[in-house]
Amino acid sequence: MKRLIAKDLLSIQAVFLRPEEPFVWASGIKSPIYCDNRLTLSDVKVRDDVEHALATIIKEHYPECEAVMGTSTAGIAHAAIVATILNKPMGYVRASAKDHGRNNRIEGKCEPNTKVVVIEDLISTAGSCMEVVEALREAGAEVLGVASIFTYGMKKATQRLEEHHVQNVSASDYDTLLEVAAEEGYIKKEQIENLLRFRDNPSDESWMK
């Protein structure tokens, strides 16, 4: 599954590798990779692969799941499609509560003690995802874990997940993507070692040398 999703993401440039001309994140960090998983929604074949991969993750790792909750905004469409595949209720969590109406932060029904799985498109540092988890917990939901499309596998994300006692299972990851990218000719095989150094410490720019 991880290799299939990696090939899919590369083929539609939802994940784009450009080590010779790094992307610059909002934080100022220079990155060899750019990820926009919203593009998966526009390709029928890739979308089908991704949503069924997420549904499979939930079936295998979170069989007690009673509802699916998407992160706002990137996870909403994926959560809706996965919930349809699994025949489960669906909702989503806003980045912040509305400033009008009922001031909802959680949209959709989320009764106390409901066993939910969070759908996320990308795990980088896991900061925004953990905010969603905590909002659901405050509402009384039991968060079984996270199912995501792609993870960089960064130490900061791993630490954050552990601190919040949350499991994440991704359909694909950075390490797998680099292997597939080298096989498919997107990068050279000898570049992999340096690119893995970026994953281990994004602030250290020695990977560019």
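Restricting E134, E179 to residues that are under 20 Å from the mean Cα position of the chain (by Cα), part of a helix (DSSP H, G or I), within 25 Å of K7 (Cβ to Cβ) and of a type in the set (D, E, K, R) narrows the list to E179. Tallying residues that are out of contact with any Lys or Arg (no Cβ under 8 Å at 6 or more places or on another chain), closer than 30 Å to I187 by Cβ and assigned to a helix (DSSP H, G or I) within the stretch 32-55 yields 15. Scanning the stretch 56-69 for residues that are buried (at least 18 other Cβ atoms within 10 Å of the Cβ) and either among the small types (G, A, S) or in a helix (DSSP H, G or I) (or both) gives I57, I58, A67.
Scanning the stretch 18-50 for residues that are without any contact (Cβ under 8 Å) to a residue 24 or more places away in the chain and among the charged types (D, E, K, R) turns up R18, E20, E21, D36, D48. If you go through the stretch 12-20 one residue at a time, do you hit one that is in a loop (DSSP other than H, G, I, E, B), modelled with pLDDT under 95 and surrounded by 16 or more Cβ atoms within 10 Å (Cβ to Cβ)? The answer is yes; a qualifying residue exists. Out of Q159, Q191, one residue alone is assigned to a helix (DSSP H, G or I) and touching a residue at least 40 places away in the same chain (Cβ under 8 Å). It is Q191. Scanning the stretch 171-201 for residues that are surrounded by fewer than 18 Cβ atoms within 10 Å (Cβ to Cβ) and in contact with a Gly (Cβ under 8 Å, 6 or more places away or on another chain) returns a single hit, D175. Report whether or not A80 is farther than 30 Å from Y186 by Cβ, of a type in the set (A, V, I, L, M, F, W, C) and in a helix (DSSP H, G or I). So A80 fits the description; yes. Of all residues in the stretch 21-39 being touching a Leu at 6+ places or on another chain (Cβ under 9 Å) and surrounded by 16 or more Cβ atoms within 10 Å (Cβ to Cβ), which is farthest from M154 (Cα to Cα)? Step by step, filter the stretch 21-39, then rank; the result is L39.
Would you mind stating whether K109 is crowded, with 17+ Cβ neighbours inside 10 Å and in a loop (DSSP other than H, G, I, E, B)? Considered against the rule, which asks whether it is crowded, with 17+ Cβ neighbours inside 10 Å and in a loop (DSSP other than H, G, I, E, B), K109 comes out as no. For the residues S72, S148, S124, S128, the requirement of being closer than 19 Å to N37 by Cα and surrounded by 24 or more Cβ atoms within 10 Å (Cβ to Cβ) singles out S148. Checking each residue in the stretch 118-131 for being closer than 25 Å to N104 by Cα and either in contact (Cβ under 8 Å) with a residue 60 or more places away in the chain or part of a loop (DSSP other than H, G, I, E, B) (or both) picks out I119, D121, L122, A126.
Among the residues of the stretch 40-55, the one identified as among the hydroxyl-bearing types (S, T, Y) and surrounded by fewer than 17 Cβ atoms within 10 Å (Cβ to Cβ) is S42.
The values are calculated or read from the model by the stated rules, or taken from the named source; none is laboratory data. Remember, predicted model here, so these are calculated numbers, not experimental data. Neighbour counts run over all protein chains shown; Cβ positions are idealised from the backbone, glycine included.
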